There are 2 protein chains.
Amino acid sequence: MGSEVQIKKAGIVSIGNELLNGRTVDTNAAYIARRLVATGVPVVGTYGVPDEQGAITRALELATGQADVVVITGGLGPTDDDVTRQAMAEFLGVELELHEDQLAKIRGFFDRRGVPMSVNNAIQAHLPAGARVIENEIGTAPGIEAEKDGTVMFALPGVPAEMERMLEASVLPQVRELARFQALVTRRLKCFGAGESTIAAMLGDAMQRGRNPLVNCTVQAGVITVEVVATSTDRDQAEQMAAKEEATIRRLLGRLIYGQGDQTLAEVVGERLAQLHQTVVVAESCTGGLLGKLITDIPGSSRYFPCGWITYGNEAKTRDLGVPPELIGTYGAVSEQVAGAMADGARRNADADFALAVTGIAGPDGGTEQKPVGLVYIAVSSRNGTDISRFIFSHDRSLVRLRAAQTALDLLRLRLGI
Amino acid sequence: MGSEVQIKKAGIVSIGNELLNGRTVDTNAAYIARRLVATGVPVVGTYGVPDEQGAITRALELATGQADVVVITGGLGPTDDDVTRQAMAEFLGVELELHEDQLAKIRGFFDRRGVPMSVNNAIQAHLPAGARVIENEIGTAPGIEAEKDGTVMFALPGVPAEMERMLEASVLPQVRELARFQALVTRRLKCFGAGESTIAAMLGDAMQRGRNPLVNCTVQAGVITVEVVATSTDRDQAEQMAAKEEATIRRLLGRLIYGQGDQTLAEVVGERLAQLHQTVVVAESCTGGLLGKLITDIPGSSRYFPCGWITYGNEAKTRDLGVPPELIGTYGAVSEQVAGAMADGARRNADADFALAVTGIAGPDGGTEQKPVGLVYIAVSSRNGTDISRFIFSHDRSLVRLRAAQTALDLLRLRLGI
């Protein structure tokens, strides 16, 4: 079913010493790859290089040699170790040229903050001769667009917020235009509540290699993403293929699927609560605010989230949530009983429709044979009663906490019939 | 001052379609880079390639061409899309060879689980002729060690837990031996409270390119890391060079430096509170639990963090923290007055030494001309009084929230004299 058209391909070059000494994980490359693939352009290679002119020009040569579009990030800052623009000029065989309008913009950026512009920042207004400016609305470094031997290069700052905005506003529209004769339709289903191998087994033949649509699974922080990629020269046909595959997968996975695209558990739960005009509050011990944070990550969450209590110590559990000290004395703070009392207390205090309570042992210390690190009780309280579940989550403190907070949201999701 | 010895260098090749479609962030490369650099071997390039034999051999060629050590991850699984061992054989110009002892080990792995071995798994016992096995204690895929033209290649599985164990147990000892005549000492100073360009300007000449020690700056989520890398053939000398440079930088940056290595603001604040036997509580509006989450990320935080209040709605601010409704009515929930009352109320409730309160407009909606998105008030309350500061943080919801929570911790740090 392969296309007869020459498929346009992309390469990614990430620049920065911090990437090569391992202090920074290159999340930019993954973001750019995901967005390029969604645009219909597969990524054939990524290159990570230090802030050195020679290394950068070599990577540009390699990347442009195999791709029609090359997205470059990093090395556009104002300091001496930022040499991407110089390397691009060398690779293009041209000099750097001052763009007066950019210099004025940079100066304005500092003026508005009442801060004098450092002389260093002037370098950011210099671009390789013949290159075009990619506007940066939130930082001082403009991006650079240039072409060599039929390959278009887009250089963007390494700061993720700036890179993402500029990619979306200026780069992807051009990439879409370049790739207008190829269609690659992607659907993503988000699942929670089973491991990757269980989900792979449930999908069976659907995950066979070489199929079109191609189905693959990835796991990140407990959320499994099942991705369907349908390829065709015709967008309508690709859409139909993807839709058919999605229907099959939805049938196989049922309620393990909580959402689609980039939806988070907090988002789907929040949307439903807002629709129902209902509210949820939280009572957190071992998650220490993380559950509230996940809920309030969502814009507009004040419609359904009035408040929460971080009752990390036992005194606060009693004082703020009315958990009887005897209950803590008899069963321990990490117990079914205390989880239930925390949730009920929080719901009553706030007169809310739902309350989620989490108490557990996040580790690394504090575990016993009876109550090991990773043991977490989660309670969901509503006017119809309180359900309490016991879990043992594994690995480190941050994973135990994240899994506990996500599972609380998932229990509420199932309770809301999503 | 450069060393006369030829410095051994490393390259990293990451293999897997999931890396090139952006569904998985390549954290392995950062982990490997960090460990290689700690061993004294700088990483000169990283390559990300799909599960395709041609692409892999090409990356091996590029990486071995510039490095003495190449660490490869991914593509050693049992399924048809795993072709790293075939690509290595092709690159080495040899055939694959069955290792009977490995086959027995893999079979044993399945027997112990009472699961029949899939016929696919037999491929994992095949290595390029002449290559050595790198034992995998926790999975079925052995690693592969081979040499070509003086460069040593180590291929490891992509599963992080397996890769990390094998790297530590089998790869790094050999790399240390290879690099025994070179020393690379790294110091990292963590700074908060000024932008990257301000810090670069304060450092001045210290950041000049080509110096040894080399000094560079990176920024991540508002925290600036100033890294010093000293290179020498002699470890003691490298240590001395790094120490001297660190002293200079500490003099230049003063209290902008809050810590070193991988320390977070929450960590240094927590350590000091624990030393002083003092406590802090939080009252969060726009951060919705994030500040509590950052504090409780630190193991042992229960020693100094008893509790917090997520008073997202106005009612909770009044009910739980005693903020007078008139105050909210007159000045608005996002005001100096309300921030101060939240902090004072929280501190009194919990009888704590310090309370941090955050109230602001995280966006994307809810801003006005008077009170724009990004406006945040932060109060630090103690027995000696309450300080309230006003900030305008920029960019998106998640950045405004993170910057607000970090700044609250930073204000407490300065108050604690760190």
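The values are calculated or read from the model by the stated rules, or taken from the named source; none is laboratory data. No experiment lies behind these values; they were computed from the predicted model shown. No Cβ is skipped: glycine too gets one built from the backbone with ideal geometry, and neighbour counts run over all protein chains shown.
Which residue out of B:393, B:354 is of a type in the set (Phe, Trp, Tyr), within 27 Å of the chain's Cα centre (by Cα) and buried (at least 17 other Cβ atoms within 10 Å of the Cβ)?
Just a single option satisfies the conditions, and that option is B:393.
I'm told residue A:323 meets every condition in (1) part of a loop (DSSP other than H, G, I, E, B); (2) over 24 Å from the mean Cα position of the chain (by Cα); (3) buried (at least 24 other Cβ atoms within 10 Å of the Cβ); (4) in contact (Cβ under 8 Å) with a residue 40 or more places away in the chain except one. Can you identify the failing condition by its number?
Tallying (1) part of a loop (DSSP other than H, G, I, E, B); (2) over 24 Å from the mean Cα position of the chain (by Cα); (3) buried (at least 24 other Cβ atoms within 10 Å of the Cβ); (4) in contact (Cβ under 8 Å) with a residue 40 or more places away in the chain, residue A:323 fails exactly one: (4).
Can you pull out every residue in the range A:310-319 that is facing chain B (nearest Cβ under 7 Å) and in a helix (DSSP H, G or I)?
A:315, A:316 - these are the residues of the range A:310-319 that are facing chain B (nearest Cβ under 7 Å) and in a helix (DSSP H, G or I).
Checking residue A:262 against (1) among the charged types (D, E, K, R); (2) within 18 Å of the chain's Cα centre (by Cα); (3) more than 26 Å from residue B:159 (Cα to Cα), only one condition comes out false. Which one?
Every listed condition holds for residue A:262 apart from (3).
For residue B:294, are the conditions met, namely being crowded, with 20+ Cβ neighbours inside 10 Å and under 22 Å from residue A:279 (Cβ atoms)?
no
Determine, yes or no, whether residue B:25 is within 14 Å of chain A (Cβ to nearest Cβ) and in contact with a strand residue (DSSP E or B) (Cβ under 6 Å, 6 or more places away or on another chain).
Here the answer is no, as residue B:25 does not meet what is asked.
Any residue at all in the range B:272-293 that's facing chain A (nearest Cβ under 9 Å) and modelled with pLDDT under 90?
Within the range B:272-293, none of the residues are facing chain A (nearest Cβ under 9 Å) and modelled with pLDDT under 90.
Given the structure, is residue B:338 surrounded by fewer than 22 Cβ atoms within 10 Å (Cβ to Cβ), closer than 24 Å to residue A:295 by Cα and in contact with a helix residue (DSSP H, G or I) (Cβ under 9 Å, 6 or more places away or on another chain)?
In short, no.
Looking only at the range B:9-34, count every residue that is surrounded by fewer than 20 Cβ atoms within 10 Å (Cβ to Cβ) and farther than 30 Å from residue A:188 by Cβ and tell me the total.
2
Being surrounded by fewer than 24 Cβ atoms within 10 Å (Cβ to Cβ), within 12 Å of another protein chain (Cβ to nearest Cβ), outside any helix (DSSP H, G or I) and on the phi < 0 side of the Ramachandran plot: is that true of residue A:372 here?
no
Output yes when any residue across the range A:8-17 is within 11 Å of another protein chain (Cβ to nearest Cβ), modelled with pLDDT of 85 or more, part of a helix (DSSP H, G or I) and under 27 Å from the mean Cα position of the chain (by Cα), and no when none is.
Yes, there is a match, as at least one residue in the range A:8-17 is within 11 Å of another protein chain (Cβ to nearest Cβ), modelled with pLDDT of 85 or more, part of a helix (DSSP H, G or I) and under 27 Å from the mean Cα position of the chain (by Cα).
Within the range A:93-124, track down each residue that is within 14 Å of chain B (Cβ to nearest Cβ) and hydrophobic (A, V, I, L, M, F, W, C).
A:106, A:109, A:110, A:115, A:117, A:119, A:122, A:123
Among the residues in the range A:348-366, are any in a helix (DSSP H, G or I) and touching a strand residue (DSSP E or B) at 6+ places or on another chain (Cβ under 7 Å)?
Checking the range A:348-366: at least one residue is in a helix (DSSP H, G or I) and touching a strand residue (DSSP E or B) at 6+ places or on another chain (Cβ under 7 Å).
Against the condition β-branched (Val, Ile, Thr) and under 31 Å from the mean Cα position of the chain (by Cα), how does residue B:72 come out, does it pass?
Judged against the criteria, residue B:72 is a match.
So, in the range B:216-235, how many residues would count as being of a type in the set (A, V, I, L, M, F, W, C) and either more than 30 Å from residue B:398 (Cβ to Cβ) or within 9 Å of chain A (Cβ to nearest Cβ) (or both)?
Adding up the residues that qualify gives 5.
Considering (1) among the aliphatic types (A, V, I, L, M); (2) in contact (Cβ under 8 Å) with a residue 60 or more places away in the chain; (3) over 18 Å from residue A:58 (Cα atoms), say which one residue A:129 fails and leave the rest.
Going through the list (1) among the aliphatic types (A, V, I, L, M); (2) in contact (Cβ under 8 Å) with a residue 60 or more places away in the chain; (3) over 18 Å from residue A:58 (Cα atoms), residue A:129 breaks only (2).
Of the conditions (1) aliphatic (A, V, I, L, M); (2) touching a residue at least 12 places away in the same chain (Cβ under 8 Å); (3) assigned to a helix (DSSP H, G or I), residue A:282 fails just one. Which one is it?
Just one mismatch for residue A:282, condition (3).
Counting only residues that are at the interface with another protein chain (Cβ under 9 Å from one of its Cβ atoms) and not in a helix (DSSP H, G or I), which one in the range A:299-309 is nearest to residue B:295 (Cα to Cα)?
A:309
Output the residue which, of all residues in the range A:357-369 that are within 14 Å of chain B (Cβ to nearest Cβ) and free of Cβ contacts under 8 Å to residues at least 40 places away in the same chain, is surrounded by the fewest Cβ atoms within 10 Å (Cβ to Cβ).
Among those residues, the one meeting the criterion is A:365.
Testing residue B:237 on (1) assigned to a helix (DSSP H, G or I); (2) over 22 Å from residue B:38 (Cβ atoms), one condition comes back false. Which one is that?
(2)
Please pick out the residue among B:379, B:343 that is part of a helix (DSSP H, G or I), within 30 Å of residue B:275 (Cβ to Cβ), small (Gly, Ala, Ser) and more than 14 Å from chain A (Cβ to nearest Cβ).
Residue meeting the stated conditions: B:343.
Could you list, ordered by first residue, the pairs with Cβ atoms under 7 Å in which the first is in the range B:171-198 and among the small types (Gly, Ala, Ser) and the second is part of a strand (DSSP E or B) and crowded, with 17+ Cβ neighbours inside 10 Å, at least 6 apart or interchain?
From residues that are among the small types (Gly, Ala, Ser), the pairs are B:183/B:232.
Checking the structure you have, find out if any residue of the range A:47-57 is in a helix (DSSP H, G or I) and either within 20 Å of the chain's Cα centre (by Cα) or at positive phi (or both).
No, because not a single residue in the range A:47-57 is in a helix (DSSP H, G or I) and either within 20 Å of the chain's Cα centre (by Cα) or at positive phi (or both).
Looking at A:368, A:359, A:311, which one is at pLDDT below 95 and of a type in the set (S, T, N, Q)?
One residue alone meets the criteria, A:368.
Determine which single condition residue A:259 fails, assuming it passes every other condition in (1) small (Gly, Ala, Ser); (2) in a strand (DSSP E or B); (3) touching a Ser or Thr at 6+ places or on another chain (Cβ under 9 Å).
All conditions pass for residue A:259, except number (3).
Tell me the residue from A:63, A:89 that is in the same structural domain as residue A:151 (by TED's automatic domain parsing), over 19 Å from residue A:20 (Cβ atoms) and crowded, with 20+ Cβ neighbours inside 10 Å, please.
Answer to the selection: A:89.
Only one of (1) among the aliphatic types (A, V, I, L, M); (2) more than 13 Å from chain A (Cβ to nearest Cβ); (3) touching a Lys or Arg at 6+ places or on another chain (Cβ under 6 Å) fails for residue B:44. Which number is that?
The single condition residue B:44 does not satisfy is (2).
Could you list, in sequence order, the residues of the range A:89-112 that are of a type in the set (Lys, Arg) and either at pLDDT 85 or above or in contact with an Asp or Glu (Cβ under 8 Å, 6 or more places away or on another chain) (or both)?
A:105, A:107
Being of a type in the set (S, T, N, Q) and either surrounded by fewer than 21 Cβ atoms within 10 Å (Cβ to Cβ) or modelled with pLDDT of 85 or more (or both) is the filter here; which residues of the range B:198-231 pass it?
If the condition is that a residue be of a type in the set (S, T, N, Q) and either surrounded by fewer than 21 Cβ atoms within 10 Å (Cβ to Cβ) or modelled with pLDDT of 85 or more (or both), then B:198, B:208, B:212, B:220, B:225 are the ones that fit.
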